[in-house]
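Q: After the structure tokens below, expect a handful of questions from me.
The values are calculated or read from the model by the stated rules, or taken from the named source; none is laboratory data. For clarity, every value in this text was computed on a predicted model and none was experimentally measured. Reconstructed Cβ throughout: ideal geometry from the backbone, glycine too, with neighbour counts over all protein chains shown.
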Amino acid sequence: MDRYIRAYLEAQPDGSAQLQEMLAAGNTKGLALVAHSLRPQNSIMGAQACLDALDAIEQNARQDHLHSCAGPVAKFVQLQEAVTAELRTYLAQ
């Protein structure tokens with residue numbers, strides 16, 4: 001499990017940054033792709049709230065509703081930070 005946690009911790013900050021970059025650039029195709037690519041890692045970690053935010057991002061982006069992606073992107077970033085903190089605490093024990 002430690003190996004999966006470490007892989008998650010390495011990948012998530014990049015994923016959050018990519019989502020924010022795609023949102024700022026108005027790139028809905030990129031948003032959908034990044035959101036979809038982050039799903040497996042969040043699924044393995046059991047981060048259901050993150051998965052829900054990623055689903056909302058992907059669905060809105062695929063429908064080209066950029067304005068509807070801002071809230072879920074912000075929510076994902078916030079949730080991802082909380083999950084990361086919790087997993088770092090787990091590894092430190």
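Q: Go through region 1-37 and count every residue that is assigned to a loop (DSSP other than H, G, I, E, B) and surrounded by 12 or more Cβ atoms within 10 Å (Cβ to Cβ).
A: 1
Q: From the list GLU81, GLU58, pick out the single residue that is touching a His at 6+ places or on another chain (Cβ under 9 Å), assigned to a helix (DSSP H, G or I) and among the acidic types (Asp, Glu).
A: GLU58
Q: Kindly check whether there is at least one residue in region 8-15 that is aliphatic (A, V, I, L, M), in contact with a Lys or Arg (Cβ under 9 Å, 6 or more places away or on another chain) and at pLDDT 95 or above.
A: Within region 8-15, none of the residues are aliphatic (A, V, I, L, M), in contact with a Lys or Arg (Cβ under 9 Å, 6 or more places away or on another chain) and at pLDDT 95 or above.
Q: Consider only pairs whose beta carbons are under 7 Å apart and that are at least six residues apart or on different chains; among these, list those whose first residue lies in region 1-17 and is farther than 13 Å from ILE44 by Cα and touching a residue at least 40 places away in the same chain (Cβ under 8 Å) and whose second residue is surrounded by 12 or more Cβ atoms within 10 Å (Cβ to Cβ) and of a type in the set (A, V, I, L, M).
A: GLY15/VAL34; GLY15/LEU38; SER16/VAL77
Q: Run GLN18 past the list (1) among the polar types (S, T, N, Q); (2) farther than 20 Å from ASP2 by Cα; (3) out of contact with any Ser or Thr (no Cβ under 9 Å at 6 or more places or on another chain) and report the number of the one that doesn't hold.
A: Every listed condition holds for GLN18 apart from (3).
Q: Taking only pairs six or more apart or across chains, which ones have beta-carbon atoms under 8 Å, a first residue in region 27-45 that is touching a residue at least 40 places away in the same chain (Cβ under 8 Å), and a second residue that is in a loop (DSSP other than H, G, I, E, B)?
A: Sorted first by the residue in region 27-45, then by its partner, the pairs are THR28/ASP64; THR28/HIS65; THR28/CYS69; LEU31/CYS69.
Q: Considering region 38-55 alone, what residues qualify as being part of a helix (DSSP H, G or I) and surrounded by 14 or more Cβ atoms within 10 Å (Cβ to Cβ)?
A: Result: LEU38, ARG39, GLN41, ASN42, MET45, ALA49, CYS50, LEU51, ASP52, ALA53, LEU54, ASP55.
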